[in-house]
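The values are calculated or read from the model by the stated rules, or taken from the named source; none is laboratory data. Owing to the predicted nature of the structure, the values given are computational and were not obtained by experimental measurement. Note that we place each Cβ from the backbone using ideal geometry, even for glycine, and neighbour counts take in every protein chain shown.
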Amino acid sequence: MPLPKAELHLHIEGTLEPELAFALAARNGVELPYADTDALRTAYEFTDLQSFLDLYYGLMAVLRTEDDFADLADAYLARAAAQGVRHAEIFFDPQAHLARGVAMETVVAGLGRALDRSEAVHGVSTQLIMCFLRDESAASALETLETAKPYLAPQGPIVGVGLDSAEVGHPPAKFREVYEAAAALGLRRVAHAGEEGPPAYITEALDVLGAERIDHGLRCVEDPELVARLVRDRVPLTLCPLSNVRLRAVDVLAEHPLPAMLDAGLLCTVNSDDPAYFGGYAGDNFDAVRVALGLSPERLRELARNSFLAAFLEHDEDRRSR
Ligand code: ADE
Ligand code: ZN
């Protein structure tokens with residue numbers, strides 16, 4: 001029985017397995033520049049974040065209809081459930097679809113259809129977080145938030161905003177205005193920071209964007225004062241160990257700083273990021289760190305407990321304090 005856990009760092013587009021990509025390509029008459037699924041998998045040799053993003057955005061060409069997004073999310077939820085995921089806070093990249101002429105309505109209605117039946121079918125509760133692409137302009141992010149207004153909670157499934165894509169050279173402060181607007185709309189706020197970018201981007205995401213969780217946050221270990229702040233303020237970090245190896249943020253899993261981060265008192269969680277590309281889903285990431293880092297059963301339980309503490313779920317204390 002896999003440990004029950006919440007997944008808090010998962011890009012739904014990153015769950016597009018080669019088999020589904022080819023099935024959707026055939027369904028939509030999209031020609032892929034790969035002979036078959038083996039050839040596609042062979043291309044998953046990444047040297048850094050950008051080399052991954054180039055392939056990832058390219059393969060999104062097969063996602064065109066509401067059914068495509070529903071099938072994508074349903075396939076992820078089935079796999080996640082099998083690995084013990086009971087709650088998933090799912091990222092999507094609206095700008096990557098809008099730019100290809102796929103409407104926000106198509107994306108959200110498709111994902112929403114799978115999410116709506118997820119508890120009944122898979123036993124997984126869900127929330128949706130829309131990410132702004134940090135290598136696009138601040139104006140584009142604001143426009144995207146405007147387009148998303150009909151789909152925001154409580155009427156719609158979108159509960160929060162995030163920030164992803166190429167990090168270095170695109171500091172969080174670029175998105176101050178859109179995060180202020182998101183906060184005014186009652187949305188939760190998270191941001192990728194400190195994956196490839198410097199620790200200062202983590203500080204900026206907290207101070208300027210009001211981020212409640214930091215996605216990755218790996219490079220905080222380079223700044224002891226920042227670590228002390230993250231510990232003191234119980235800021236959750238959504239780490240993605242297999243992703244870090246595949247995108248070369250760490251050389252090998254055995255050198256991942258996760259054990260030292262837990263020892264330092266950081267509220268770490270373990271997640272899959274883009275599981276179809278990085279070699280595994282949430283449970284696979286737990287298994288990989290258990291083996292490579294020799295984590296004890298207590299440490300693994302701590303990670304699973306952290307995932308629920310860090311989730312945007314209503315906790316008992318919240319209810320009691322009302
Ligand atoms: N988009 C999908 N996966 C990502 C990652 N690991 N970092 C930044 N943007 C992403
Ligand atoms: Zn990510």
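Numbers at a glance
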read-out	value
Subset of segment 101-119 [of a type in the set (G, A, S) and touching a residue at least 24 places away in the same chain (Cβ under 8 Å)]	A109, G110, G112, A114, S118
Residues that are part of a loop (DSSP other than H, G, I, E, B) and either touching a Pro at 6+ places or on another chain (Cβ under 6 Å) or in contact (Cβ under 8 Å) with a residue 40 or more places away in the chain (or both), drawn from segment 29-49	Y44, F46, T47, D48
Count of segment 130-145 residues which are within 20 Å of the chain's Cα centre (by Cα) and surrounded by fewer than 23 Cβ atoms within 10 Å (Cβ to Cβ)	5
Output for segment 174-213, where each listed residue is among the aliphatic types (A, V, I, L, M), touching a Gly at 6+ places or on another chain (Cβ under 7 Å) and within 16 Å of ligand 1 (Cβ to nearest atom)	V190, A191, A193, I202
Only one of V245, V235 that is surrounded by 20 or more Cβ atoms within 10 Å (Cβ to Cβ) and away from ligand 1 (no atom under 16 Å from the Cβ)	V235
All helices (runs of 4 or more DSSP H) inside segment 76-192 with 2 or more residues being farther than 23 Å from L53 by Cα	104-116, 118-122, 138-148, 176-184
Test: residue in segment 286-304 that is crowded, with 20+ Cβ neighbours inside 10 Å and either under 15 Å from the mean Cα position of the chain (by Cα) or within 24 Å of T42 (Cα to Cα) (or both)	no
Residues that are within 16 Å of ligand 2 (Cβ to nearest atom) and either touching a Ser or Thr at 6+ places or on another chain (Cβ under 8 Å) or outside any loop (DSSP other than H, G, I, E, B) (or both), drawn from segment 1-26	A6, E7, L8, H9, L10, H11, I12, E13, G14, T15
Unique residue being at pLDDT 95 or above, more than 16 Å from ligand 2 (Cβ to nearest atom) and under 15 Å from A276 (Cα atoms) when the list is G84, G29, G58	G58
Matching residues in segment 234-248 - criterion: being more than 11 Å from ligand 2 (Cβ to nearest atom) and of a type in the set (A, V, I, L, M, F, W, C)	V235, L237, L242, V245
Residue pairs meeting the criteria (Cβ under 8 Å; at least 6 apart or on separate chains; first touching a residue at least 60 places away in the same chain (Cβ under 8 Å), in segment 120-147; second surrounded by 21 or more Cβ atoms within 10 Å (Cβ to Cβ) and of a type in the set (D, E))	Q127/E89; I129/E89; C131/D93; C131/D164
Residues that are in contact with a strand residue (DSSP E or B) (Cβ under 9 Å, 6 or more places away or on another chain), over 16 Å from L16 (Cα atoms) and in contact (Cβ under 8 Å) with a residue 60 or more places away in the chain, drawn from segment 50-100	Q83, G84, V85, R86, H87, A88, E89
Some residue of segment 270-284 being of a type outside the set (A, V, I, L, M), within 16 Å of ligand 2 (Cβ to nearest atom), within 22 Å of E167 (Cβ to Cβ) and surrounded by fewer than 17 Cβ atoms within 10 Å (Cβ to Cβ)	yes
Within segment 153-173, considering residues that are among the aliphatic types (A, V, I, L, M) and in contact with a strand residue (DSSP E or B) (Cβ under 7 Å, 6 or more places away or on another chain), the one farthest from ligand 1 (Cβ to nearest atom)	A153
Residues of segment 258-269 satisfying the condition of being within 16 Å of ligand 2 (Cβ to nearest atom) and touching a residue at least 40 places away in the same chain (Cβ under 8 Å)	T269
Flag for L72 being buried (at least 21 other Cβ atoms within 10 Å of the Cβ) and away from ligand 2 (no atom under 16 Å from the Cβ)	yes
